[in-house]
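Worksheet: the structure to be examined is printed underneath.
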Amino acid sequence: MDRRSIVLVEDNPDDQFLAVRALSGIVNKTAIHVLHDGQEALDCLLGSDSGPPTIDLDSIAVILLDIKLPKINGLEVLKALRSSTNARWIPVVMITSTDEPHELADAYRFGASSYLTKPINYGEFKEHMEVLANYWLNVNSLPSVESGECHE
């Protein structure tokens, strides 16, 4: 299956707007799912007591996951995704506004695919988003969840 969606998990409305604006200009037919906190991310991606996942895991090219999220922080979301048989293969790029060495180390220890400190300058931020989107949508290849390629 052609993975054509990006999941952005970001609680800051300004950062959501800037990320979607930066991505929209370069990912024409790509859906961008915006989730607002860690609990919503887990519910939409892994399901909850009230129902199954609402985002098709096989459609996701990459998850852009903020570290500092309300309810459940991004590192805990990352650990849950990496513990899930169906979601552990999805690339997760950790995104943060701060440059904390322990967060960088934890992100990779918990299975992050990449780590990005958000540039303050919008031009730089847009350039980073373009590089990320191009790589994860057009260069990288992932196995299919539906075909069973992702199951051990």
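The values are calculated or read from the model by the stated rules, or taken from the named source; none is laboratory data. It should be emphasised that the depicted structure is a prediction, and the values quoted were computed from it without experimental measurement. Quick reminder, even Gly has a Cβ in these numbers, built from the backbone with ideal geometry, and neighbours come from all protein chains shown. Heavy atoms of the whole protein, side chains included, go into the accessibility calculation; ligands, DNA and RNA do not. Shrake-Rupley method; radii C 1.70, N 1.55, O 1.52, S 1.80 Å.
Overview of results
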| item | result |
| --- | --- |
| Qualifying residue in region 44-60 (condition: closer than 18 Å to P13 by Cα, over 12 Å from the mean Cα position of the chain (by Cα) and surrounded by fewer than 14 Cβ atoms within 10 Å (Cβ to Cβ)) | no |
| Residue identified as of a type in the set (K, R) and closer than 19 Å to L132 by Cβ among R82, R4 | R4 |
| Count - residues of region 57-78 that are closer than 12 Å to S113 by Cβ and in a helix (DSSP H, G or I) | 1 |
| Identity of the residue in region 8-56, outside any helix (DSSP H, G or I), aliphatic (A, V, I, L, M) and in contact (Cβ under 8 Å) with a residue 60 or more places away in the chain, that ends up nearest to L81 (Cα to Cα) | V9 |
| Condition broken by A87, with the remaining ones in (1) in contact with a Cys (Cβ under 7 Å, 6 or more places away or on another chain); (2) open to solvent by less than 20 Å² (accessible area, probe 1.4 Å) satisfied | (1) |
| In region 103-152, residue modelled with the lowest pLDDT [restricted to those that are within 19 Å of Q16 (Cβ to Cβ) and of a type in the set (D, E)] | E130 |
| Condition check for L81: open to solvent by less than 20 Å² (accessible area, probe 1.4 Å), in contact with a strand residue (DSSP E or B) (Cβ under 9 Å, 6 or more places away or on another chain) and assigned to a helix (DSSP H, G or I) | yes |
| Matching residues, region 21-38, being among the polar types (S, T, N, Q) and surrounded by fewer than 16 Cβ atoms within 10 Å (Cβ to Cβ) | S24, N28 |
